[in-house]
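Data first, discussion second: the structure below is written as structure tokens.
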Amino acid sequence: MKEAIMNQEKLAKLQAQVRIGGKGTARRKKKVVHRTATADDKKLQFSLKKLGVNNISGIEEVNMFTNQGTVIHFNNPKVQASLAANTFTITGHAETKQLTEMLPGILNQLGADSLTSLRRLAEALPKQGRQPTVNQRNRGRILTSSQTLSQSSTSDCL
């Protein structure tokens, strides 16, 4: 009987050594090695090389406009394209910014959808209790060639 009790104690010790985690975790025979991001990048670059992408130089910034009114901004990206495969890649450090943060330099890139979201932002400013300045009022308006900034700012102040 004593031998059976001692054998059970030895078995319990051996079973405890097999666990990787603590009490209550499943026994695992081997540790799973997760993939790294560099391995994924290498596979992606290999696939792009098979498509025959070419580098496009001279692009200083890329802005992608989202439906939520934000802008995904790439500064000095690496741009590659394959017209035969209808594939464009943009790699680099991406920053997600609000449309209002990028406003002065981004006005010439705005399309019809972005202008409507810009108008919504301009309408939301007075509701927040802040009075917009003359420059903020003029950002939401498209000036014609006959209007100048000074003419529109004087009419807004009256």
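The values are calculated or read from the model by the stated rules, or taken from the named source; none is laboratory data. Here the structure is a predicted model, which is why all the values come from computation and not from measurement. Counting neighbours? That spans all protein chains shown, and the Cβs are built from the backbone with ideal geometry, glycine included.
In the stretch 36-55, how many are under 22 Å from the mean Cα position of the chain (by Cα) and over 18 Å from His93 (Cβ atoms)?
Residues in the stretch 36-55 being under 22 Å from the mean Cα position of the chain (by Cα) and over 18 Å from His93 (Cβ atoms): 5 in total.
Looking for whichever is modelled with pLDDT under 75, loosely packed, with under 15 Cβ neighbours inside 10 Å and not in a loop (DSSP other than H, G, I, E, B) here; the options are Leu107, Leu125, Leu121. Which one fits?
Leu107
Given the residues Thr87, Thr66, Thr70, which is the only one that is in contact (Cβ under 8 Å) with a residue 24 or more places away in the chain, under 15 Å from Ser117 (Cβ atoms) and not basic (Lys, Arg)?
Thr70
Restricting attention to the stretch 68-104, and to residues there that are part of a loop (DSSP other than H, G, I, E, B) and at pLDDT 85 or above, which single residue is surrounded by the most Cβ atoms within 10 Å (Cβ to Cβ)?
Pro77
Scan the stretch 31-67 for residues that are surrounded by 10 or more Cβ atoms within 10 Å (Cβ to Cβ) and in a loop (DSSP other than H, G, I, E, B) and jot them down.
Gly52, Val53, Ile59, Thr66
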